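Worksheet: the structure to be examined is printed underneath.
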Amino acid sequence: MTTTILYEQPLNERIRTLLRLEFLFAQAARHLHDDSQWGSRCTLNSMLDILSIFGRTDLKTEVLKELERHSATLARLKSNPDIDTARLQQITTELETLGAELHKSGGPIAADLKKNEFLGGIQQRSAIPGGTCDFDLPAYHFWLQQPAGRRTRDLADWLGRFEAIAQAIKLILRLIRESAVLKPVTATAGFYQKTLDANHPCQLVRVVVDKKIPYYAEISGGRHRFTVRFLALSDKDGHTKQATQDIDFQLECCII
């Protein structure tokens, strides 16, 4: 069991989207092999959220740009004598392989799912509170009554359309997270602020707090600065109150 809580805050829209997708892919994978109808519902809901995000922007191009950017960054490190060349080559190969897979896929990600009448009907009704009840979507109700193996195969097939880009997103976020090290800092009276170098933009802020501390970290920021506030959540009315004591925590500013 971990003794700390990790909080992350993206500082640009691209990383914000990638973190949301990472969360949705993990959530879908967690429920995929749940044989119950509720497990299938949870998996499908996550998949439809993923599909919705891909429908709003050309994420394939964005991810390819990120892979190329990381490849260029690593290429500049090859001449550094302190670099683990074997590890560097391994990561470079991963980037190149995933980039080639995305290029090979051709066209938008999961384009056929966007035209799927069955999934489209569920997605449309999902915008209504309780809109996926049995009487609202008899076809969905029928599908949920099918054997668990059939439902799992369908879900795995639909999610498989995103496999290459999901792996690319996982690698990109791993490289970003590993680009910095945690440093001990203190939030005076529960408040911490840091000014950023606009020439070396920070992409992701990570805050690690001991679980024993009775406050949660609220991170906000942009290109020029970010702040961390430590707040207590009331058990009675849900109101929040900022800590008045100094809070020690660990901080990571991921720039790569």
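The values are calculated or read from the model by the stated rules, or taken from the named source; none is laboratory data. Just so we're clear, the structure is a prediction, and the values are computed from it rather than from any experiment. Neighbour counts run over all protein chains shown; Cβ positions are idealised from the backbone, glycine included.
Condition check ((1) closer than 30 Å to LEU196 by Cα; (2) of a type in the set (A, V, I, L, M, F, W, C); (3) free of Cβ contacts under 8 Å to residues at least 24 places away in the same chain; (4) not assigned by TED's automatic domain parsing to the domain that holds GLY121) across all residues:
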residue: ARG20; (1), (2), (3), (4): yes, no, no, no
residue: ALA28; (1), (2), (3), (4): no, yes, no, no
residue: HIS31; (1), (2), (3), (4): no, no, yes, no
residue: SER40; (1), (2), (3), (4): no, no, no, no
> Here are ASP134, ASP154: which of them is acidic (Asp, Glu), over 23 Å from GLY55 (Cα atoms) and surrounded by 11 or more Cβ atoms within 10 Å (Cβ to Cβ)?
Replying inline: ASP134
>> Checking the structure you have, find out if any residue of region 167-182 is touching a residue at least 24 places away in the same chain (Cβ under 8 Å), surrounded by fewer than 18 Cβ atoms within 10 Å (Cβ to Cβ) and either in contact with a Lys or Arg (Cβ under 6 Å, 6 or more places away or on another chain) or closer than 30 Å to LEU119 by Cα (or both).
In response: yes
> If you take the residues in region 78-95 that are without any contact (Cβ under 8 Å) to a residue 40 or more places away in the chain and surrounded by 13 or more Cβ atoms within 10 Å (Cβ to Cβ), which one is farthest from ILE165 (Cα to Cα)?
Replying inline: LEU88
> Counting just the residues of region 191-209 that are without any contact (Cβ under 8 Å) to a residue 40 or more places away in the chain and part of a loop (DSSP other than H, G, I, E, B), which one comes out surrounded by the most Cβ atoms within 10 Å (Cβ to Cβ)?
Replying inline: ASP197
> Taking helices (runs of 4 or more DSSP H) that fall entirely within region 20-122, which contain at least 2 residues that are among the hydroxyl-bearing types (Ser, Thr, Tyr)?
Replying inline: 37-56, 59-75, 85-105
